[in-house]
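Peer 1: First the structure, which I've put down as structure tokens, then a few questions once you've had a look.
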Amino acid sequence: MGHAPSRARDPDVQGVVERDGVRLAYEVFGEGHRPTVLLMPTWAIVPSRFWKAQVGYLARHYRVVVFDGRGSGRSDRPVGARAYADVEYARDAVAVLDATGTDRAVFVSLSCGASWSVHVAAHHPDRVLGLFAISPSCGFPIPHHPRDRAPWADRLETQAGWAMYNRHFWLEGDYAAFLEFFFGQMYSEPHSSKQIEDAIAWGHETTPETLVDTTAGRLGCDGAVMEPLEPLCRRVRCPVTVVHGTDDRVRNSTVGERLAELTGGSLVLLEGAGHGPPARDPVRVNHLIAAFVDRLCPRTARTTWVRAARRRRRALYLSSPIGLGHALRDVAIAGELRARHPDLEIDWLAQHPVSRVLAEKGERVHPASAWLANESGHIEHESGEHDLHAFQAIRGMDEILVNNFMAFADVVRDGDYDLVVGDEAWDVDYFLHENPELKRFPFAWMTDFVGWLPMPEGGRREVELTADYNAEMIEQRARYRQVRDRSIFVGNAEDIVGDDFGPGLPSIREWTTANFDFAGYVTGFDPAALRGTEELRRGLGVGADEKLCLVTVGGSGVGSSLLHRVLDAVPPARRLMPELRFVVVTGPRIDPASLPRRAGVRVLGYLPDLYHHLAACDVAVVQGGLTTCMELTALRKPFLYVPLRRHFEQNFHVRKRLDRYEAGRCLAYHQAADADVLAGAIVAEVAHDVAYRPVETDGAVRAADLLAELL
């Protein structure tokens with residue numbers, strides 16, 4: 001079973017069950033005697049991956065089973081409407097329960113899956129613990145006001161309308177245009193571009209012919225048998241909860257009201273939500289599902305409550321795992337924070353490679369960190385040869401970010417923290433603004449850049465997407481300023497790019513200046529206090545009359561290509577300057593043994609205090625990451641930096657800052673392809689007499705002062 005880095009959790013079991021000649025693919029997450037949650041298919045237009053924002057969280061608490069409904073995903077696509085009648089989907093669900101050894105389950109459904117779940121509950125009541133139906137798409141004879149219906153909905157509701165319109169449009173019209181229209185209606189909420197993109201991509205995995213058959217089967221056309229649903233609803237005896245958005249443009253919320261009425265269930269209305277709350281409002285939906293399951297199957301737990309007067313002062317610190325720079329500055333800030341509050345206990349919610357740094361510094365990593373899905377692994381998976389489309393990589397990490405926020409929410413719910421600090425913890429900041437009722441603690445947000453920026457090759461589409469993401473953030477901050485008690489920019493106002501957030505949006509610099517406090521840069525060390533560099537050079541085998549070039553690519557595995565190019569440039573560089581020696585630092589996620597050997601080169605793995613080696617070098621070659629570049633700037637070392645291609649932060653935000661400090665020489669990756677050109681650039685930098693602007697050394701102190709006020 002292959003590992004998918006963008007998934008919050010890999011399945012423990014993958015299998016296929018065959019029923020009446022139709023193969024159904026399923027996955028099981030979790031084991032043991034915990035209650036089972038069955039996530040039902042929705043419609044053949046999307047596979048079970050639709051539930052990606054639910055699986056990671058639910059599988060931490062329950063056993064979870066998902067399967068691709070017939071006509072979707074890895075399951076078969078039988079031909080003919082009869083194969084897609086509601087009763088067939090219901091029988092498929094029972095077959096999956098049998099194949100996975102599941103006696104009973106809580107059925108969680110969306111859209112058409114609600115009807116199929118009702119069929120199972122009516123005909124097999126012993127297999128269903130409860131029904132949790134989201135945005136049910138049930139064929140109840142409910143009158144609708146014309147304003148409440150999508151323009152194509154009436155055509156779908158009648159056999160004649162379906163036969164005249166959709167069959168023709170899907171088979172002979174523009175299927176791609178239909179997908180764009182349909183999912184635009186499904187996700188009616190603003191800023192839903194990622195959810196719409198995912199759904200359109202899934203929609204192209206099936207065929208128009210399959211959609212024709214599935215719709216005919218649901219409506220009782222072309223020989224398919226349709227059992228009236230209302231009598232079946234009245235036979236349901238298990239607990240039922242219906243969740244429906246008031247802005248559902250696919251199925252009006254009156255459908256959900258009717259389902260709750262017929263089954264004697266409860267109704268939860270999501271004001272302003274559309275037809276896809278599991279993807280658009282995953283935190284709220286996850287909590288609602290968990291509350292429903294826990295009512296049916298109460299979990300035994302032992303808790304301890306501490307009187308407020310006896311509680312110790314506690315903080316929870318989150319440090320971005322994408323690279324190691326955040327960890328070093330955050331440890332420095334935490335040390336200064338403890339100096340102001342010696343009684344402060346700090347827990348770290350962190351993952352590799354940050355957790356390795358914290359362990360070596362003697363910090364306490366919260367055990368719930370094991371619940372986090374690895375963000376660095378996803379970033380590396382999304383990268384190419386010195387190429388990382390950073391904006392799209394973050395967008396593609398949505399499933400991981402939901403999972404990690406749910407872990408955070410569980411921790412703070414039980415933690416009684418006096419302060420939460422998030423250093424570029426994007427999930428926490430975003431979902432707290434989306435769910436402000438969960439914010440019950442002082443919260444400080446830290447970042448060293450503001451504003452998603454489009455890369456030129458992304459064209460108009462990327463301009464629109466980055467502007468949409470920026471606009472959503474601006475709207476969140478304007479509406480819920482109380483979510484952040486402090487916004488801290490790690491740097492100065494002059495470091496901020498002069499661009500706008502997008503067409504019609506404010507200036508990034510002006511908006512950030514008005515909405516952030518500035519700590520100055522945080523190096524995590526005092527360059528003037530560094531000692532022993534000559535001894536370190538001798539330990540590396542560098543003689544007094546030799547020059548040392550240090551090559552490092554940060555804490556992720558994205559920099560392997562650059563290391564190979566530098567190693568190719570070593571022989572011509574040493575011909576130009578025979579006294580030149582190289583030390584290559586691979587970091588925690590690149591195996592030193594994977595690199596070729598070169599004369600005059602020493603290869604080292606992870607170094608906990610890399611800045612000591614930076615202080616000992618005569619020149620450096622690095623990626624365009626902010627931390628290492630600014631450490632070299634503070635140490636006043638000549639260096640070449642090679643930004644990752646399509647990495648907007650390195651190419652725009654970091655370069656703007658380095659230009660202000662008049663530090664480093666930027667070299668494009670294609671220029672580094674010529675070993676002689678790269679060698680010449682390295683040798684030229686050795687003799688470069690630097691005249692950088694000084695980097696402040698009190699950044700950690702200033703940041704700690706801002707945080708200490710919240711305690």
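The values are calculated or read from the model by the stated rules, or taken from the named source; none is laboratory data. This one's a predicted model, so the numbers in the text were calculated from it and none came from an experiment. Glycine also receives a Cβ, built like all others from the backbone with ideal geometry; neighbour counts cover every protein chain displayed. Please note that ligands, DNA and RNA were not included when accessible areas were found on the heavy atoms of the full protein model with its side chains. Shrake-Rupley method; radii C 1.70, N 1.55, O 1.52, S 1.80 Å.
Peer 1: When the helices in the chain are scored as -39500 (n - 2.57) per DSSP H run of 4 or longer and the sum is shared across all residues, what 222 nm value do you end up with, to the nearest 500 deg cm²/dmol?
Peer 2: On the way: 27 runs with 280 residues, N = 711.
After summing the helix terms and dividing by the residues of the chain, the value is -11500 deg cm²/dmol.
Peer 1: How much length is gained if the chain between Asp294 and Glu360 is pulled fully straight, taking 0.36 nm per residue apart and subtracting their Cα-Cα distance, in nm to one decimal? Write out the running numbers ahead of the final one.
Peer 2: Numbers: separation 66, 0.36 × 66 = 23.76 nm, distance 3.93 nm.
Gain on stretching Asp294 to Glu360: 19.8 nm.
Peer 1: I would also like to ask the following. Can you tell me what the convex hull of the Cα atoms of the stretch 536-650 projects to on average, as an area in nm²? Spell out each step's value before the answer.
Peer 2: Numbers: hull surface 27.5 nm².
With the hull built on Cα positions only, its mean projection is 6.9 nm².
Peer 1: In whole Å, what are the extents of the stretch 18-74 along the principal axes defined by its C-alpha atoms, from largest to smallest?
Peer 2: Projected onto its principal axes, the Cα set of the stretch 18-74 covers 32, 23, 13 Å.
Peer 1: Please give me, ordered by residue number, the trypsin sites (Lys or Arg not before Pro) of the stretch 413-505 that lie in loop per DSSP and have at most 11 other Cβ atoms within 10 Å. Please list the in-between numbers first.
Peer 2: Numbers: sites: Arg413, Lys439, Arg440, Arg460, Arg461, Arg477, Arg479, Arg481, Arg484, Arg486; in loops: Lys439, Arg440, Arg484.
Of the trypsin sites (Lys or Arg not before Pro), the ones in loops of the stretch 413-505 whose Cβ has at most 11 other Cβ atoms within 10 Å are Arg440.
Peer 1: May I ask you to rank Arg234, Arg310 by accessible area, largest first, using a 1.4 Å probe over the protein chains only?
Peer 2: Arg310, Arg234
Peer 1: How would His33, His653, His381 rank on accessible area, largest to smallest, probe 1.4 Å?
Peer 2: On the way: His33 195, His653 15, His381 105 Å².
The ranking, largest first, comes out as His33, His381, His653.
Peer 1: Viscosity 0.692 mPa s, temperature 37 °C: Stokes-Einstein D of the stretch 409-529 from its Kirkwood Cα radius, in µm² per second? Don't skip to the answer; put the middle values down first.
Peer 2: Numbers: Rh = 15.8 Å.
Estimated diffusion coefficient is 207 µm²/s.
Peer 1: Starting from the Cα of Lys547, draw a straight line to each of the aspartates and glutamates and keep only those under 16 Å, dropping any in the same chain fewer than 8 residues away.
Peer 2: Correct list for Lys547: Glu534, Glu535, Glu579, Asp618, Glu685, Asp689.
Peer 1: Could you go through the stretch 507-524 in sequence order and give the Karplus-derived ³J(HN,Hα) for each residue, using 6.51 cos²θ - 1.76 cosθ + 1.60 with θ = phi - 60°, rounded to whole Hz, and x for Gly and Pro?
Peer 2: Using θ = phi - 60°, the values come out as 5, 4, 5, 5, 5, 5, 4, 7, 10, 10, 9, 10, 9, x, 6, 10, 7, x Hz.
Peer 1: On to the next question. For Leu270, enumerate residues with amide H under 5 Å from its amide H, sequence gap 5+ or separate chain, H modeled in the peptide plane.
Peer 2: Those lying under 5 Å, H to H, from Leu270 are His244, Gly245, Thr246.
Peer 1: When the Kirkwood radius is taken over all Cα pairs of the stretch 587-640, what Stokes-Einstein diffusion coefficient follows at 37 °C and 0.692 mPa s, in µm²/s? Walk me through the numbers before you get to the answer.
Peer 2: Details: Rh = 12.4 Å.
So the translational diffusion coefficient is about 266 µm²/s.
Peer 1: Okay, moving on. In square nanometres and to one decimal, what's the mean projected area of the convex hull around the Cα atoms of the stretch 233-317?
Peer 2: Values: hull surface 36.0 nm².
Its average projected convex-hull area is 9.0 nm².
Peer 1: While we're looking at this one, here's another question. For a label point 7 Å from the Cα of Glu227 along Cα→C-beta, name the residues of the stretch 50-87 whose backbone N is under 15 Å from it.
Peer 2: Hits in the stretch 50-87 for Glu227 at 15 Å: 84-87.
Peer 1: Still on this model: Could you pull out every one of the lysines with an alpha carbon less than 26 Å from that of Lys656, ignoring same-chain neighbours closer than 8 positions?
Peer 2: Output for Lys656: Lys637.
Peer 1: Just to be sure I understand: if I project the alpha-carbon convex hull of the stretch 184-295 onto a plane and average over all orientations, what area do I get in nm²?
Peer 2: On the way: hull surface 33.6 nm².
So the Cα hull casts an average projection of 8.4 nm².
Peer 1: Need the full-extension length gain, Ala514 to Arg302, defined as separation in residues times 0.36 nm minus the C-alpha distance. One decimal, nm. Present the calculation step by step, with values, prior to reporting the outcome.
Peer 2: On the way: separation 212, 0.36 × 212 = 76.32 nm, distance 4.61 nm.
Length difference between fully extended and current span is 71.7 nm.
Peer 1: For the chain, what Kirkwood radius comes out of the mean inverse Cα-Cα distance, in Å? It would help to have the intermediate numbers written out before the result.
Peer 2: Details: mean 1/r = 0.0359 Å⁻¹.
Hydrodynamic radius (Kirkwood, Cα pairs) of the chain is 27.9 Å.
Peer 1: Can I ask one more? Using 1/(1 + (r/R0)^6) with R0 = 30 angstrom and r between the beta carbons of Arg310 and Asp698, what's the FRET efficiency to the nearest 0.05? Kindly include the intermediate steps, with their values, before the conclusion.
Peer 2: Working: r = 36 Å, r/R0 = 1.19.
Given R0 = 30 Å and the Cβ-Cβ separation, E is 0.25.
Peer 1: With a 1.4 Å probe and all protein chains kept in place, how do Leu550, Leu706 rank by accessible area, largest first?
Peer 2: Working: Leu550 0, Leu706 30 Å².
Ranking Leu550, Leu706 by accessible area, largest first, yields Leu706, Leu550.
Peer 1: Sort 606-615, 394-403 by the packing proxy (mean of other Cβ within 10 Å over each peptide's residues), most packed first. Kindly include the intermediate steps, with their values, before the conclusion.
Peer 2: Numbers: 606-615: 18.7, 394-403: 22.5.
The packing order, highest mean first, is 394-403, 606-615.
Peer 1: Let me ask you something else. Would you mind working out the accessible area per residue for the chain, using a 1.4 Å probe, and quoting it in Å²?
Peer 2: Values: 27640 Å² over 711 residues.
Per residue, the chain has an accessible area of 39 Å².
Peer 1: While we're on this one: How much accessible area does Trp51 have with a 1.4 Å probe, in Å² rounded to the nearest 10?
Peer 2: 0
Peer 1: What is the spread of the Cα atoms of the stretch 330-428 along each of their three principal axes, largest first, in whole Å?
Peer 2: For the stretch 330-428, the Cα extents along the three principal axes come out at 46, 28, 20 Å.
Peer 1: So which lysines can Lys194 reach, going by Cα to Cα under 24 Å and dropping same-chain residues fewer than 8 places off?
Peer 2: Lys52
Peer 1: Antiparallel DSSP bridges in the stretch 411-535: what percent, to the nearest 5? Intermediate results must be reported in sequence, preceding the final value.
Peer 2: Details: 1 of 11 bridges.
Of the beta bridges lying entirely in the stretch 411-535, close to 10 percent run antiparallel.
Peer 1: Principal axis extents for the stretch 500-576, Cα atoms only, whole Å, descending order, please.
Peer 2: 56, 34, 24
Peer 1: Express in % the proportion of alpha carbon pairs of the stretch 207-255 at distances exceeding 13 Å. Working shown, then result.
Peer 2: On the way: 844 of 1176 pairs.
When every Cα pair of the stretch 207-255 is considered, 72 percent fall beyond 13 Å.
Peer 1: A follow-up question, please. Dipole size in debye (nearest 20) for the chain around its Cα centre, Lys and Arg Cβ +1, Asp and Glu Cβ -1? Mind showing how you got there, number by number?
Peer 2: Working: 80 positive and 96 negative charges, 299 e Å.
With only Lys, Arg, Asp and Glu charged at Cβ, the dipole is about 1440 debye.
Peer 1: Another question, if that's okay. When DSSP beta bridges are limited to those with both residues in the chain, what percentage is antiparallel, rounded to the nearest 5? Please list the in-between numbers first.
Peer 2: Details: 13 of 78 bridges.
Around 15 percent of the beta bridges assigned by DSSP in the chain are antiparallel ones.
Peer 1: Also: Going by the alpha-carbon gyration tensor, a ≥ b ≥ c the square roots of its eigenvalues, is the stretch 240-387 rounded (a/c under 1.5) or, if a/c is not under 1.5, prolate (a/b greater than b/c) versus oblate? Mind dumping the intermediate values first?
Peer 2: On the way: a/c = 2.98, a/b = 1.66, b/c = 1.79.
Oblate, because a/c is 1.5 or more while a/b does not exceed b/c.
Peer 1: Could you compute how much accessible surface Met630 exposes when probed at 1.4 Å, giving the result in Å² to the nearest 10?
Peer 2: Approximately 0 Å² for this residue.
Peer 1: Follow-up. Take Ala668 and Glu261, extend 7 Å from each Cα along the Cα→Cβ direction, and tell me the distance between the two endpoints in nm.
Peer 2: It is 6.6 nm.
Peer 1: Using alpha carbon coordinates only, what is the Rg to Rh ratio of the stretch 582-711, with Rh defined as the Kirkwood radius? Let's see the in-between values first.
Peer 2: Details: Rg = 16.3 Å, Rh = 16.3 Å.
Result: Rg/Rh = 1.00.
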